[in-house]
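Before any comments, here is the structure.
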Amino acid sequence: MNKLFFSIIWVCILSGIVKPKLIMAVVPGGFQHCASHTYINWVNQKYPGYADALAEHFATISNRASQKLSNIDVYDIPVVVHVVYNNPEQNLSDEVVKRQIDILNRDFTRTNADTINLRPVFGSMIAADANIRFHLATTDPQGQSTTGITRTSTNLSSFADFTTLFGDLGAIERVKSSADGGIDPWDTSRYLNIWVCNMALPVLGVSLLGYATPPPGLPNWPSGSLGDLKDGVVIQYQCISDNNPNPLITGGDTGIVLGRTVVHEVGHYLGLRHIWGDNDDCLADDGVEDTPLASNESNFDCDVTRNTCVDTGDVDFPDMIENYMDYSSEACQNTFTRGQVSIMRTVCSDYRQNLAQITNGISRRTSSEGFKILPNPSLDGNIRFVGVPSNSRFVDVIDISGKLLGRVWLQQTENISLGYLQPGLYFLKAEGSTVLSKFLRE
């Protein structure tokens, strides 16, 4: 570890206000740091009683969640990504943003290729598909056509300041305000707002990777009682997608970034806690029956030997480093559990009703004979579709053995990037199509 890391930890311990893990540490193997629990504590200081009300709210959600996994409704969530930048590097391209939406859909449908890395001991806990989908909004709050991406130039070099070190997120919240150098959210009841910005501190560097607001609708809090706090997700600009040209570097180490910081934070936005329940010991729990007990010692690596807590059931499970809600490296995260999926679906149906659009997942597409890929072959993986069935929302990517590699979600245009594929022959199949179109990635 370098001297910078030790100085940050010393400041945190000396303050007595926040835990040492509040600030991004330099840890070999990757990063998955989150300040969502810090956000709850910060709001609780502004509005005493908020944390207790949220705990009660979560218990209500957990009690109602058992009915939701068997429900076949698909919850489709419109997303607006606000890119707030101070220099060209922070002004991420549309391709980076769209790829992140693909990653969200891949991981929430469990079509990510690395599910094979899940250890067999956890097999019975896993839901095959959360039946939650995401798409970049095609219509803005005024009813105008949109790409679902906004761009705001700011004169702020960073939205964080040194109060961030002590658990105060007020400075970063400026990104959610046009008057303060950021951009106001779109209607938070109708859109998942994701702000992408710089939260690094001068000299110290990256302070945190992201945070999210919990579901609204606290049962014992009147509407509007939380003032001007704005709902959504905030992400450090280097931590979005797996094709981001900006490396995440702190203290000379480069973090592994696969787009799962956003997956983690959207999990919080849909009601999930960290799997250790946000306490340092094994006495706390995340409220999800099928996630094994763990402490927050499982930070940033992929140590399969770690077992920080003794489970009370018939099996003493190891720490579930494969879970998206852990602090493990993005390289080993690959799953949500059935219980976690139930909670997220309950939030979609009961607490974010105006946000999640319900579909039954049944395709209404018929004609597909004209479905083509251009150019084909493609050297860089950038292609466009011709003749996609009019209501197709996605295209499946299949290898020559017939294995489903992933699902590409169509946005306003039919131009997509498959540059992440290794050179080879693949098949693409549009939703509702009976045609497998060959695609050669050179």
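The values are calculated or read from the model by the stated rules, or taken from the named source; none is laboratory data. Just so it is clear, the structure is predicted and the values come from calculations on it, not from any experiment. Cβ placement follows ideal geometry from the backbone for every residue including glycine, while neighbour counts extend to all protein chains displayed. SASA here: full protein model, heavy atoms, side chains in, ligands and nucleic acids out. Shrake-Rupley method; radii C 1.70, N 1.55, O 1.52, S 1.80 Å.
Per-residue counts of other Cβ atoms within 10 Å, averaged by peptide: what ranking do you get for 380-386, 39-45, 339-345, highest first? Don't jump to the answer; show the numbers that get you there.
Numbers: 380-386: 15.1, 39-45: 17.6, 339-345: 26.6.
Highest to lowest by the protection proxy: 339-345, 39-45, 380-386.
If we sort 95-106, 148-159 on the protection proxy, mean other Cβ atoms within 10 Å, highest first, what's the order? Each step should come with its number before you reach the end.
Working: 95-106: 22.7, 148-159: 17.0.
Highest to lowest by the protection proxy: 95-106, 148-159.
For a 18 Å ceiling on Cα separation, which of these pairs sit above it: 372/438; 98/438; 98/403; 372/403; 403/438; 176/230?
Details: 372/438 9 Å; 98/438 23 Å; 98/403 23 Å; 372/403 21 Å; 403/438 14 Å; 176/230 7 Å.
Those over the limit are 98/438; 98/403; 372/403.
Rounded to a whole number, what % of the accessible area of segment 74-193 do carbon and sulfur atoms account for, probe 1.4 Å? Each step should come with its number before you reach the end.
Working: 2100 of 4380 Å².
Result for segment 74-193: 48 percent of the exposed heavy-atom area is carbon or sulfur.
Any aspartates and glutamates with Cα under 17 Å of the residue 429 Cα? List them, leaving off those in the same chain fewer than 8 positions away.
Excluding near neighbours in sequence, the set is 102, 369, 396, 399, 414.
Post the alpha-carbon centroid distance, segment 95-129 to segment 162-214, in whole angstrom.
That distance is 27 Å.
Could you name the aspartates and glutamates whose alpha carbon sits less than 12 Å from that of residue 46, not counting residues in the same chain fewer than 8 places away?
Those aspartates and glutamates meeting the cut-off are 168, 228.
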